[in-house]
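Report on one structure; see the data block that follows.
Nothing in this text is a laboratory measurement; each read-out follows from the coordinates by a stated rule. On a predicted model such as this, the values are computed, not experimentally measured, just so you know. Reconstructed Cβ throughout: ideal geometry from the backbone, glycine too, with neighbour counts over all protein chains shown.
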Amino acid sequence: MALVATAVWTMTTLAEVSGPPAEPAFTIEITAHQWWWEVRYLSDQPHRIFTTANEIHIPTGEPVRFELKSADVIHSFWVPALTGKTDTIPGQVNRTWLEADEPGVYRGQCTEYCGLEHARMGFEVVAQTPENFKTWREDQLHGAEEPPNGGTAARGERIFMASCSGCHQVRGTAAGGAMGPDLTHVMSRDMIAAGTLETSKANLAGWVADPQAIKPGTQMPALPLSGSELNAVVTYLDGLE
């Protein structure tokens, strides 16, 4: 009887400590891809749902629920400073939660070997004060701004729509691809290529010009762009903040 009582107490205690201390403020759906993270902020109001990539913003002092999925193979979601490892498995939804007490940037990583670029499948959790998080979230709900007519960015937008929109979405434009990350506010993120490069115009140009040189095996192809076309596309993307 003592063993049974101990087992029941242990299971009850584990269930209590594994759950959030309060009802989570909202839910974020994470879909793992080879080799990047799709981040979708859910809401009961459809017009307040939006998608970003590789950078997760949360408010401090509030638990947030995560629904974890995989688009291809088994991955594992891990933010060592905030939560333990939870696998993402094709055809299955796993759930976890996390809460940050202090503002800051917390590194996350896939911890289940998932192919050639497993080591470069990182992400960041950006914990903000509730006020700053609210501002960020409202900004993310807006679509991309139209570049000025006749300029380099406008030319870059046309090239992007012809060459990149089949894989990438830019909300507020005709680009509605879903194979690659949503780029609506790509330049507002600290990193590109799933934590591989710091966000800058120069790094973005290198990534667009030859992604295989930076992340061999990535599904993003190198586009046959001239130097002028590359500059135009990068100028357009540089305006997506």
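Subtracting the Cα-Cα distance of Glu146 and Ser188 from their residue separation scaled by 0.36 nm leaves 13.5 nm.
Would you be so kind as to identify which of Thr135, Met191, Pro80 lies farthest towards the positive end of the dipole of the chain, taking Lys and Arg as +1 and Asp and Glu as -1 on Cβ and the Cα centre as origin? Among Thr135, Met191, Pro80, the one farthest towards the positive end of the dipole of the chain is Met191.
When the Cα positions of Thr27, Ala53, Phe66 are compared along the charge dipole of region 16-75, Ala53 comes out farthest toward the positive end, with charges on each C-beta of Lys, Arg, Asp and Glu.
Within region 146-170, whose backbone N sits under 12 Å from a point 7 Å along Cα→Cβ of Lys201? Under 12 Å, as judged by backbone N against the label point of Lys201, lie 152-153 of region 146-170.
Straight Cα distances below 27 angstrom link Lys215 to the lysines Lys69, Lys85, Lys201, with same-chain residues fewer than 8 positions distant left out. Consider the candidate values (i) 37, 20, 14; (ii) 40, 19, 14; (iii) 39, 27, 13; state which one is semi-axes √(5λ) of the Cα gyration tensor in Å computed from the structure displayed. Of the labelled values, this structure produces (i).
For every helix of n ≥ 4 consecutive DSSP H residues, a contribution of -39,500 (n - 2.57) applies; sum these over the chain, divide by its total residues, and give [θ] at 222 nm rounded to the nearest 500 deg cm²/dmol. Using -39500 (n - 2.57) per qualifying helix, the result is -8500 deg cm²/dmol.
Assign unit charges at the C-beta atoms only (+1 for Lys and Arg, -1 for Asp and Glu), then state the dipole size of region 25-141 relative to its Cα centre in Debye, rounded to the nearest 20.
Charge dipole, region 25-141, about its Cα centre: 180 debye, nearest 20.
Placing a label point 7 Å from the Cα of Asp72 along the Cα-to-Cβ direction, the residues of region 38-59 whose backbone N falls under 18 Å from that point are 38-39, 53-55. Dipole magnitude for region 105-172: about 120 debye, using +1 per Lys or Arg Cβ and -1 per Asp or Glu Cβ, origin at the Cα centre. Among Ile192, Ile74, Ile58, the ranking by other beta carbons within 10 Å of each residue's beta carbon, starting with the fewest, stands as Ile74, Ile58, Ile192.
A simple charge model with +1 on the Cβ of Lys and Arg, -1 on the Cβ of Asp and Glu and nothing else charged puts the dipole of the chain at about 440 debye relative to its Cα centre.
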